[in-house]
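First comes the structure, then the notes that go with it.
The values are calculated or read from the model by the stated rules, or taken from the named source; none is laboratory data. Here the structure is a predicted model, which means the values were calculated and not measured. Cβ sites come from the backbone with ideal geometry, for glycine too, and all protein chains shown count toward neighbours. We work out accessible area using only protein heavy atoms, side chains counted, and drop any ligands, DNA or RNA first. Shrake-Rupley method; radii C 1.70, N 1.55, O 1.52, S 1.80 Å.
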Amino acid sequence: MSIALIVLLPLLGAVFPALMMRLGKNESAIAASSVTILSLVLLLTNIFAISQSTVPQASWPWVPQIDLNASFFVDGLGLLFAVMILGIGLLVTVYARFYLSPQEALGRFFAYLLLFQGAMLGVVLSNNILLLIVFWELTSLSSFLLIGFKSDSQEGRQGARMALAVTAGGGLALLAGMLLLGQVAGSFELTEILKEGEKIRSSPYYLSILALVLIGCFTKSAQFPFHFWLPHAMAAPTPVSAYLHSATMVKAGIFLMLRLWPVLAGTQTWFYVVAGTGVITMLIAAVIALFRDDLKSILAYSTISHLGIMTMLVGFGSEMAVVACVFHVINHAIFKAALFMNAGIVDHETGTRDISRLGGLASLMPISAITATLAAASMVGVPPMNGFLSKEMMLEEVTHATAIGVAWLLPGLVMLASVFSVAYSLRFLLYTYFGPVRNDYPAKPHDPSRGLWLPPACLVVLAILIGLFPEAWAGSITRLASDAALQSKSPKFHLSLWHGWTPALMMSIFAFGCGATALSLYVPVRSIWNKALLPDAKGLYDLSLNACVRLARITTDRSFNGSLHRMLFLFVLAASALGGVVFARSSYERGERELLPINTSMFVGWVLVIVACFVLAWKHQSRLIALLTVNIVGLISSIAFIYLSAPDLALTQIAVEVVTLILMLLALHFLPKEAINEVISWRQYRDIVLSVAVGASVGFLCWAMMTHDFQSISSYYIQHSKPLGGGANVVNVILVDFRGFDTFGEITVIGIAAMAIYAMLDGMLTGPLSATLLKWTSGLRFSPNRHPMMMVVVTRVMLPLAILVACYIFLRGHNLPGGGFIAALVVSIALIMQYMASGFAWADERVHFDYHALIGGGGLIAAITGIGSIVLGKPFLTSGFKYVDFPFIGKVELASVSAFDLGVFLTVVGGVMLALANLSNLGRMTGDGKQ
Amino acid sequence: MNHWMIFPILLPAVVAPLIVLAIRNDIVLARIFSIGCSVALLMVGGYQFGLASDGVIRTYAIGNWSPPFGIVLVLDRLSATMLLLTAVIGLFVLLYSITGWDNRGRHFHPLFQFQLMGLNGAFLTGDLFNLFVFFEVLLIASYGLMVHGGGGATRIRAGIQYVVMNLTGSSLFLIAIALIYSATGTLNMADLSRKIHETPAATQAILSVGGALLFIVFALKSALFPLHLWLPGTYANAPGPAAALFSIMTKVGVYSIVRLFTLSSVGLEWVLPAALATLMIGSIGVLASRSLGQQASFATLASMGTLFVAISGSNSMALSAGLYYLIHSTLCVAGIFLIVDLVIVKRPGFGDALVESPKFPYQGIIACMFFAFAVALSGVPPLSGFIGKILVLKSTQGFPNWHWIWLILFVTSFVGLVGMARSGSLLFWKCNTTQLDVALFDSNNPSPQVNSIPSPVASSIVLQSVAIGCFFALIAMLSVFASPVSVFMKETAEQLYDSQKYVDSVLGKDK
């Protein structure tokens, strides 16, 4: 449990400093450091167990389906990294408290910092490799927030995005690698995986795993060619840089390579890829560092260079190299954090980090100068600093390594890098602190407050202690960590300052001399460097990203051009293609039904439909003709229904055709009379071919359907309509009873449609489009006699008659063709006629109810009818009917479905009339109506 | 007979007309009724989810007509999950909309409830034609919500395209139903499942074409390549809450595909290329977007692609991965569209366009919410997007070319992440130092002197944050309880592939 808490404390505790910020900066810093200290204490309680060679573990299942478990363990390697993360984290917290200005959101800063700290701890303490990925990506995300903390600055934002893209992208590769690794190893727990080295190295997936894992490690640890994000991450506030680029973020990659060393290392590929990348990175970064002027930038490239050293050591594959790497991890974290903090102090006190504007600070800022000198000495590797020890160990290992059969190749390259390393370190130190005092510093330099210089001073003291008494101060932790990294007892070694006149020492001295000489030649070398055409990694990155975005925009804009035509084309194409393929691949035989003879009237109808369709396609620009031809097709369908003995359908179809025709005619008034006439292009021919093909296919499918006999459930309806449904009209019984639920849905649709139109027009008339609409006139000349007397009289006489007919149709519906739907359409037509004949205003004045109420009421009646049966213990919409003898009238069937049908009636009338009212509203509001 | 089953349909079907009939002019009452209804739906949804988790498939014969002759509702694990998800999305989106969206046009609440009715009906029905009816209900209500509150010409234009595409789809739906009916003589899904294998060779092609066309219809609803073109325009131009609610609508298409293709035991392996294409197009669009709404829409498209990759696995493991991802993607998309809307409201004059703007009110908190949802949506750890993606990755390993699928899934993840980081840093970090002049842009309150009405720009966002926070809480729970959820989804998928059990439960064993 306690191991999980080490990780969870900072993650959960991240809110405290943010909250405590309300009390003040100190309280916020205390909250942040308390969390860190607590976590550190928890961690240290495990030391005893680890030193006894046991590995404390804690595990809970999270998503066992994907082998993702919340399992943690802490061994020597994890302990070392966790101590560094927490220890340096604590110093950074103190430092940041005094570094950040009062205007900056310190609370938020500490919250991000703790999040990052928790994520880093998760990386080094996870046992499950997928959990490790989770934390790995969390470090990317939280470092994104930290690097972009100064969100006002362009560099901050770009640096943050670049760091996220590179490290999170690498994280995805790592995820793929880990998934493969887990599968090959048969377990996703590191403690198990580390035992399966043979199996993994001999697996066919070894190379894929290696490539993917290394991409993850190299991106995180800024190895060439992924190194370019790190210098740009320097846009972060200096405490962040001191933290991320000394002990934490960039060490994650090294950590993982050390962690997986027992299973992945030891092959030729590993050696060449890892050690090769390390050497190249070490050399390139050291060279670039010499030519940087920003203090943090110099340190950034120096960090890359040192990460290269560590990568190279891991890559060697020898056990002693791993020990050297572990030791260098410790030393680098200490001196680099101190140097970053020191650079921050210089920036803070002088107002600049530009080395060309600095110099001679030693006498003005003596404390800072001493810490800087000692830390830089450690970076160069001057005795008695800790950096000297690990550098000697590194050089010692290099002399044993042979690449591509050339013994001097690696030592030569490393020597070269060392020369540059000495040069840039000396330049960093001398050009900042030594030389003549200047009088043009942006601010007056003096030593900072204790809060700022103490944290680096602590680190420097530690560096000296390790340098002087390496066995006492770093021996056991290095051994523990190396044992854990190697998963076996590490070779015997003894850390000490003096090893005698070894080749490594000679190399060191030689490099030092050369470096110092190189620096003395700096001015001419610099001018050559400035003239050289060098690839700019950030420029390339920006260029390629911008090119990607542009390409993405072009393709997206091209494909999503908002053309409805294209959407429909693809839809029809997809449907016909899939339909065609499926048809071709399944069995089909001709239908066996006998064909009916063609009679004249049907033939005429058939010809009419075809002609109408042709006219529609040909003259579709004229909306009126289009509407009329569509209606011809509709009317002929209703005739076909009559011919095929479906009077209900025919009645409905005719009524629907009439209503829609009238409403559409009214709507056409507001539309341009002609659609845009497109230029004939190859697209139209393409469309003609496609539509002919689709039309023919649908025609064929209809033919196929109608020529085959098939068994269906309809016989049940015909059989049970009267006895069980209580109605002789089977169509009506299906509509209101057997499948009344469908009807219930459909009347809802009609109601919603009318309401949606109402809401839309209302929105248009009150929204930004209203000005356009209110000014709009159709430009048509109206007849002076807008309400002819003849029509007014006829329609008013017809109204009661129509209502009577509707009542008749409604009542007889259950047994004979008719029903609520048709009755509603009849009433609607009669009412629409009033509007048309006598004018919208006249009709509106005489309507004393709102059509909304009709829709709502109708829907409610239908629903309540259905609920009635629930109350009686039957399912929703269960029908009941009873024959009752009424005096004078006789036997009458009382059926619950009549009430349902009434609901249908009301909703449909309401829906149609509301649609009409919408149009009339529009007509009265626009320019035409106001004339 | 368990009458609870009809409630998810009936409740909104009663409340919506009631609002239209009696309280259409009183927004406060309408809000109370609407929220009340949604709360009740959530409770019923939770109850039914509990019921269904015992694995028994329950049926409800409407009108007491036994299937296959009458319409039957079927409650199994999948439909219960979808009902609960709909109820959750409905309630939280509604909570968000009552902060003002609902009052920008007429009939928001009835349309909203009708939309829920349509969704619930589609998830419950066991009848193919009834499914069509509920598709119509939910679509027609969505047309209304799409153009709710007016809006400029682009919204109307996008709305019309949406209507035309869906009406075309509906026509094809009818043709498909006719074909299937003519080959099997039935509309009941369970009955269909049985009759499919009894279809004579002579008419098998008709049936297959019917099935293929049905797939096209559902693929259109779920914006599968090449029927994806309508989605970005529609979602980006719809009002925020409507777009958030639409997140479940694309899933109706997926639901229908899953339902019908498991029942008919037809594999979907051939969908994979289209799924991958959808995923890639969506991710490219995320990178290319010029507004946050557009980006969210393309992210939606990408998530549909991922979902279809899982479904094309055509086995219960892949399907369960897909169902987990479906829940994740629905919650994420709903949340992100609410955030987009919040940005539009608080950034007047700039809207959600990805351009530099002055600082705007509540920038910090909106940025936090965007960050969280962007993380979830792009599938970066530790949220459900990551878990869902790994589930999908693992489920694709059965494919012969799985490494290509992995490559595409990883690269698209990366592209999406880069795109979202770009837009987030532009929108929330890259700000002019000048403060946005609130009074200048206040539409409700043209004269700065009268300050009685709080301006929408400056007004607090407590309720909005709560609504979005609820979505995030659900995503967090989905991540933490990924294991039980995924166990449930496994059982759901197994239940779906056991089509015989479905048939027996609906039609009885003896038949």
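Please work out the C-alpha center-to-center distance from the range A:32-52 to the range A:836-860 and express it in whole Å.
Spelled out, the Cα-based centre of one part sits 78 Å from the other.
Taking the alpha-carbon centroid of each part, what is the distance from the range B:105-163 to the range A:492-506 in angstrom?
79
Non-local amide H neighbours of A:Leu68 (under 5 Å, H modeled in plane, Pro and chain starts lacking H): which ones?
Long-range HN contacts for A:Leu68: A:Val63.
Report, to the nearest 10°, how far helix A:76-99 tilts away from the longest principal axis of the Cα atoms in chain A, using its own Cα long axis and a range of 0 to 90°.
Computed tilt is about 90 degrees.
Sort A:917-925, A:275-283, B:268-276 by packing, meaning the average of other beta carbons within 10 Å per residue, with the highest value first.
A:275-283, A:917-925, B:268-276
For A:Asp294, enumerate residues with amide H under 5 Å from its amide H, sequence gap 5+ or separate chain, H modeled in the peptide plane.
Close amide H contacts, sequence-distant or interchain: A:Ile355.
How many percent of DSSP beta bridges within chain B run antiparallel, rounded to 5?
Counting DSSP beta bridges with both partners in chain B, the antiparallel share is about 70 percent.
Given a 1.4 angstrom probe, I'd like the percentage of the accessible area of chain A that is carbon and sulfur, rounded to a whole number.
Its accessible area is 70 percent carbon and sulfur atoms.
Can you tell which of B:Leu427, A:Ser783, B:Gln500 lies farthest toward the positive end of the dipole of the protein assembly as shown, using +1 and -1 charges on the Cβ of basic and acidic side chains (Lys, Arg; Asp, Glu)?
Of B:Leu427, A:Ser783, B:Gln500, it is A:Ser783.
If one takes the accessible area of chain A alone plus chain B alone and subtracts that of the pair, with a 1.4 Å probe, what total in Å², rounded to the nearest 100, results?
For chain A against chain B, roughly 10400 Å² becomes buried.
Using the C-alpha atoms of chain A, what convex hull volume per residue, in cubic angstrom, is computed?
295
Per residue of A:847-853, count partner chain C-beta atoms within 10 Å of its C-beta, then hand back the mean as an integer. Numbers along the way, then the final one.
Numbers: counts 0, 0, 0, 4, 1, 10, 5.
Per residue, the average neighbour count from other chains is 3.
Looking at the protein assembly as shown, what % of its DSSP beta bridges pair antiparallel, to the nearest 5? Mind showing how you got there, number by number?
Details: 24 of 27 bridges.
DSSP beta bridges in the protein assembly as shown are roughly 90 percent antiparallel.
Find which of B:Gln294, B:Ile248, B:Leu354 sits farthest along the positive direction of the dipole of chain B, computed with +1 on the beta-carbon of Lys and Arg, -1 on that of Asp and Glu, about the Cα centre.
Among B:Gln294, B:Ile248, B:Leu354, the one farthest towards the positive end of the dipole of chain B is B:Leu354.
For the pair A:Ala696/A:Ile718, report the inter-label distance in nm, with labels modelled 7 Å from Cα in the Cβ direction.
Roughly 3.6 nm, to one decimal.
Within the range B:47-76, what residues put their amide N at less than 12 Å from the label point 7 Å along the Cα-to-Cβ vector of B:Asp504?
B:57
At a Förster distance of 60 Å, what's the computed FRET efficiency of A:Phe469 paired with B:Leu407, Cβ-Cβ distance as r, to 0.05?
Given R0 = 60 Å and the Cβ-Cβ separation, E is 0.70.
Just to confirm my numbers, what's the Cα centroid distance between the range B:274-339 and the range A:128-162 in Å?
If you average the Cα positions of each part, the centres end up 24 Å apart.
Output needed for the range A:728-931: three equivalent-ellipsoid semi-axes, defined as square roots of 5 times the C-alpha gyration tensor eigenvalues, in descending order, whole Å. Don't jump to the answer; show the numbers that get you there.
Working: eigenvalues 284, 95, 26 Å².
Ellipsoid half-lengths, sorted descending, are 38, 22, 11 Å.
Divide, for the range B:60-206, the radius of gyration over alpha carbons by 2.2 N^0.38 Å, where N is the residue count.
Taking the Cα Rg and dividing by 2.2 N^0.38 Å, one obtains 1.26.
With θ set to phi - 60° and the Karplus curve 6.51 cos²θ - 1.76 cosθ + 1.60, what are the ³J(HN,Hα) couplings of the range A:664-671 in order, to the nearest whole Hz, using x for Gly and Pro?
Per-residue couplings from phi come out as 5, 4, 5, 5, 4, 3, 8, 9 Hz.
So what is the 222 nm mean residue ellipticity for the protein assembly as shown from helices alone, if each DSSP H run of at least 4 adds -39500 (n - 2.57) and you divide by all residues, rounding to the nearest 500 deg cm²/dmol?
Calculated from helices alone, the mean residue ellipticity at 222 nm is -23500 deg cm²/dmol.
Counting only heavy atoms of protein chains, what accessible area per residue, in Å², does chain B have with a probe of 1.4 Å?
28
How many Cβ atoms of partner chains, on average, are near each residue of B:10-16 if near means within 10 Å of its Cβ?
Working: counts 7, 1, 1, 9, 6, 2, 9.
Mean inter-chain Cβ contacts per residue within 10 Å come to 5.
Can you run phi through the Karplus equation (6.51, -1.76, 1.60; θ = phi - 60°) for the range B:386-402 and list ³J(HN,Hα) in whole Hz, with x for Gly and Pro?
Values per residue, Gly and Pro as x: 5, 5, x, 5, 5, 4, 5, 4, 5, 6, 8, 5, x, 5, x, 10, 4 Hz.
Divide the volume of the convex hull of the Cα atoms of the range B:3-506 by its number of residues and quote the answer in cubic angstrom per residue.
Per-residue hull volume (Cα only) is 129 Å³.
Taking the Cα atoms only, what angle lies between the long axis of helix B:482-497 and the longest principal axis of chain B, rounded to 10 degrees?
With both axes taken from Cα atoms, the answer is about 40 degrees.
Residues of the range B:154-176 losing 10 Å² or more of accessible area relative to the isolated chain, 1.4 Å probe, heavy atoms only?
Residues losing area: B:Ile156, B:Arg157, B:Gln161, B:Val164, B:Met165, B:Thr168, B:Leu172, B:Ile175.
Sorted by average packing, counted as other Cβ atoms within 10 angstrom per residue and highest first, what order do B:221-230, A:509-518 take?
In descending order of packing, they fall as B:221-230, A:509-518.
Rank-order A:633-643, A:312-322 by packing density, defined as the average count of other C-beta atoms within 10 Å over each peptide's residues, highest first.
A:312-322, A:633-643
Can you work out the Karplus-derived ³J(HN,Hα) for every residue in the range A:133-144? Use 6.51 cos²θ - 1.76 cosθ + 1.60 with θ = phi - 60°, whole Hz, and x for glycine or proline.
Rounded to whole hertz, the list is 4, 4, 5, 4, 5, 5, 5, 4, 5, 6, 6, 4.
Would you mind working out the accessible area per residue for chain A, using a 1.4 Å probe, and quoting it in Å²?
42
Could you work out, residue by residue across A:179-190, how many beta carbons of other chains sit within 10 Å of that residue's beta carbon, and then give the average as an integer?
Neighbouring Cβ atoms belonging to other protein chains average 1 per residue here.
Using 7 Å Cα-to-Cβ label points, what is the A:Leu430/A:Arg526 separation (nm, one decimal)?
Here the modelled spin labels are 1.2 nm apart.
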